[in-house]
1. Between a residue in region B:105-127 that is over 21 Å from A:Gly133 (Cα atoms) and any residue that is surrounded by 14 or more Cβ atoms within 10 Å (Cβ to Cβ), which pairs come within a Cβ distance under 7 Å, given they are 6 or more apart or on different chains?
2. Report, by residue number, each residue of region B:75-97 that is within 16 Å of A:Ser9 (Cβ to Cβ) and without any contact (Cβ under 8 Å) to a residue 60 or more places away in the chain.
3. Restricting attention to region A:18-27, report how many residues are more than 10 Å from DNA strand C (Cβ to nearest atom) and farther than 25 Å from B:Val141 by Cβ.
4. Look through A:Gly109, A:Gly75 and report the one residue that is at pLDDT below 95 and within 12 Å of DNA strand D (Cβ to nearest atom).
5. Do any residues in region B:43-69 that are closer than 21 Å to A:Cys11 by Cβ have Cβ atoms under 7 Å from those of residues that are in a loop (DSSP other than H, G, I, E, B), where the two are at least six apart or on different chains, and which pairs are they?
6. Just to be sure I understand, how many residues within region A:103-141 are of a type in the set (Val, Ile, Thr) and more than 20 Å from the chain's Cα centre (by Cα)?
7. Can you find, within region A:107-131, the residue that is farthest from A:Ala16 (Cα to Cα) among those that are in a loop (DSSP other than H, G, I, E, B) and acidic (Asp, Glu)?
8. Could you count how many residues in region A:28-80 are within 18 Å of the chain's Cα centre (by Cα), within 14 Å of DNA strand C (Cβ to nearest atom), surrounded by fewer than 14 Cβ atoms within 10 Å (Cβ to Cβ) and facing chain B (nearest Cβ under 10 Å)?
There are 2 protein chains.
Amino acid sequence: MIRKRFDDSSCSVARALDEVGDWWSLLIVLQAMYGTRRFVDFQRELGIARNILCDRLERLVSNKVLRKVDVGEHGSRFEYRLTDKGRDLFPVVIALRQWGDKWNPAPDGQALDLRDRASGRPVGTMQVQDADGQPLTIRDVFVREEPDTRQTANRKTR
Amino acid sequence: MIRKRFDDSSCSVARALDEVGDWWSLLIVLQAMYGTRRFVDFQRELGIARNILCDRLERLVSNKVLRKVDVGEHGSRFEYRLTDKGRDLFPVVIALRQWGDKWNPAPDGQALDLRDRASGRPVGTMQVQDADGQPLTIRDVFVREEPDTRQTANRKTR
DNA sequence: TAAATAGAGTTGCATAAAGCAACCAGATTT
DNA sequence: AAATCTGGTTGCTTTATGCAACTCTATTTA
């Protein structure tokens, strides 16, 4: 693969994908959001190869998406828990889930029914909004050029 | 890689990642949102290998995220344009961007400044909301078990 | 009109990841 | 004392990715 890296990219999407943009990382985060914390459980629930899981967990920990907690009274028992940074992926995961439900519904038409604990009503549809909460499409949005960082206009910032 | 596929997974996140969860697809979609449409431009802007780009474009087209349009008057000139399905990834991309900006800001602190064309104000922060638009965290949300599809309780649906 | 250039891909090859299965070492049960 | 469980490693095979060179139309340029 050689897998080109984007960690120094000027694009924050690229930088984000550099951390969670592989085939497994987001699924691991999702699983963690469901409450999974232990190595074997991730392995079982996701059906991921153990060496890959190992590698992904390490990466997520080193990127501070998860933290590794020793809960083994005396070693040999660890938990991987979401950090604030990891928890902050909630909107990303939900947006992806809703996209998947809308455009690639499950064969049986069943979508996971996420609801607000307080009201019991379904979670709203993720949308890009303006400052007043009104939905925005791509066409409603433009990129404001930064008010010139220095003398040279650099248009390559994305 | 062998890359395990999730296209028949019961998890819509997994199904979504199966289509756009690799290193390049979302960046291609993002680039398309910026207005890029032609092969060489994607190649140049993203710095992606041409064979990989070729493969990714084909996949995105076959998954109906992009469509390939012949604009060559007489062939040999094509454009890849977002479909509605592709455009619907807007919230995903924006959520990712905001996450990247928040937790991995660019070295120079510059984040892309997205604004609402109508008001000129910055785009709001993506958040999971309840039916009234109130923000929800992971802990505010629960999974409602489907009201029993048939006789057997199947708890493996995620 | 011939030659050069551009667009959109292919092809071939080297290298790095993903998947799989077997193996290990410390701690806990049986 | 033997069997399990947990969290990994190791070795090997199969794919993917990156890179560079090449191809085939179609459009420009000289």
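The values are calculated or read from the model by the stated rules, or taken from the named source; none is laboratory data. All figures in this text were calculated on a predicted structure; none of them were measured in a lab. Note: ideal-geometry Cβ built from the backbone for every residue, glycine included; neighbour counts use all protein chains shown. Just so you know, the surface numbers come from the protein's heavy atoms only, side chains and all, with ligands and any DNA or RNA stripped out. Shrake-Rupley method; radii C 1.70, N 1.55, O 1.52, S 1.80 Å.
1. B:Pro105/B:Ala111; B:Ala106/A:Ser10; B:Ala106/A:Ser12; B:Gln110/A:Glu146; B:Gln110/A:Thr157; B:Ala111/A:Ser12; B:Ala111/B:Asp101
2. Of the residues in region B:75-97, the ones within 16 Å of A:Ser9 (Cβ to Cβ) are B:93, B:96-97.
Once the filter is applied, which keeps residues that are within 16 Å of A:Ser9 (Cβ to Cβ) and without any contact (Cβ under 8 Å) to a residue 60 or more places away in the chain, region B:75-97 yields only B:Arg97.
3. 1
4. On the way: A:Gly109 fails: within 12 Å of DNA strand D (Cβ to nearest atom).
Among A:Gly109, A:Gly75, only A:Gly75 is at pLDDT below 95 and within 12 Å of DNA strand D (Cβ to nearest atom).
5. Correct list of pairs: B:Glu45/B:Thr36; B:Ile48/B:Trp24; B:Ile52/B:Trp24; B:Arg56/B:Trp24; B:Val65/B:Thr83; B:Leu66/B:Thr83.
6. So the answer is 3.
7. Filtering region A:107-131 for residues that are in a loop (DSSP other than H, G, I, E, B) and acidic (Asp, Glu), the one farthest from A:Ala16 (Cα to Cα) comes out as A:Asp108.
8. Total meeting the criteria: 0.
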